[in-house]
1. Tally up the residues in the stretch 137-160 that are assigned to a helix (DSSP H, G or I) and either at pLDDT 85 or above or on the phi > 0 side of the Ramachandran plot (or both), please.
2. In this structure, is Ala134 modelled with pLDDT of 85 or more and exposed (fewer than 12 other Cβ atoms within 10 Å of the Cβ)?
3. Exactly one of these conditions fails for Phe140: (1) open to solvent by 20 Å² or more (accessible area, probe 1.4 Å); (2) within 27 Å of Thr38 (Cβ to Cβ); (3) out of contact with any Lys or Arg (no Cβ under 6 Å at 6 or more places or on another chain). Give me its number.
4. Looking only at the stretch 125-164, count how many residues are of a type in the set (A, V, I, L, M, F, W, C) and over 20 Å from Phe103 (Cβ atoms).
5. Show the residue pairs that are 6+ apart or on different chains and have beta-carbon atoms under 8 Å apart, the first residue being within the stretch 13-41 and farther than 26 Å from Arg166 by Cβ and at pLDDT 95 or above, the second being aromatic (Phe, Trp, Tyr) and surrounded by fewer than 17 Cβ atoms within 10 Å (Cβ to Cβ).
6. For residues in the stretch 121-131 being open to solvent by less than 30 Å² (accessible area, probe 1.4 Å) and in contact with a helix residue (DSSP H, G or I) (Cβ under 8 Å, 6 or more places away or on another chain), which is nearest to Asp15 (Cα to Cα)?
7. Restrict the check to the stretch 151-167 and report whether at least one residue is under 21 Å from Pro28 (Cβ atoms) and not hydroxyl-bearing (Ser, Thr, Tyr).
8. Looking only at the stretch 90-111, count every residue that is of a type in the set (D, E, K, R) and within 21 Å of Glu59 (Cβ to Cβ) and tell me the total.
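The values are calculated or read from the model by the stated rules, or taken from the named source; none is laboratory data. All values derive from a computational prediction rather than experimental measurement. Every residue, glycine as well, gets a Cβ built from its backbone with ideal geometry; the counts of neighbours run over all protein chains shown. Heads up: the accessible areas ignore ligands, DNA and RNA and are worked out on the full protein's heavy atoms, side chains in. Shrake-Rupley method; radii C 1.70, N 1.55, O 1.52, S 1.80 Å.
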Amino acid sequence: MAPALPPGDTETHGDLHTLRFAVPLPHPAERVWLALTTPGGLGDWLAEPHGLQPRLGGEVALRWLTAPDREAAAGRTESGTVTAWDMERVAEYTVGAHGRMRFGLEPGDRPETTVLRFTNEFRGSDEQRLDRLACWHDHFLQLAGHLEGRRTDWSRWDPARRQDLRDDYEARDFDAT
């Protein structure tokens, strides 16, 4: 079973938001890397990739399978570029309104464990910042499940869990300046 997921943190300058998560995972980096960089991995916990070219400058398109407003955004595909690629260490995708999403892997504090250091930079409102914190938190819970062998059933996805996470982030009273 994966350890509890620590909350993400945020920094804001004007309408530029930087979200950060440090996600401890009781799995080797090679396994986590596959979940972050392959169609079978990404599609099970984040978004369905279309045309992922795993190299610096490669193209990437992600079809989001969940959204707070399912009718408006679920099934939406956003295109972008692979903006960093360091095999089994760093994968960075800059995609549409989701901005820059950087996944970095570091050894954990025990053998066969990994820390995923994630950064998301995007422009938007404070409401969007809170939504994104909750969305990423929820996705990282899905990632932990994926690594434990549990497939995500997107048809059963419940937006109430994400709303609870959003409410928790809102209550943390971030300093967004």
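1. 12
2. In short, no.
3. (1)
4. 4
5. No pair meets every condition.
6. Initially, the stretch 121-131 is screened for residues open to solvent by less than 30 Å² (accessible area, probe 1.4 Å), giving 122, 124, 129-130.
Of the ones still in play, those that are also in contact with a helix residue (DSSP H, G or I) (Cβ under 8 Å, 6 or more places away or on another chain) are 122, 124, 130.
Numbers: Phe122: 8, Gly124: 5, Leu130: 13 Å.
Filtering first and then ranking leaves Gly124.
7. yes
8. In the first step, residues of the stretch 90-111 are kept if they are of a type in the set (D, E, K, R); the result is 92, 100, 102, 106, 109-110.
Right, trim to within 21 Å of Glu59 (Cβ to Cβ) and you get 92, 100, 102.
Of the residues in the stretch 90-111, 3 are of a type in the set (D, E, K, R) and within 21 Å of Glu59 (Cβ to Cβ).
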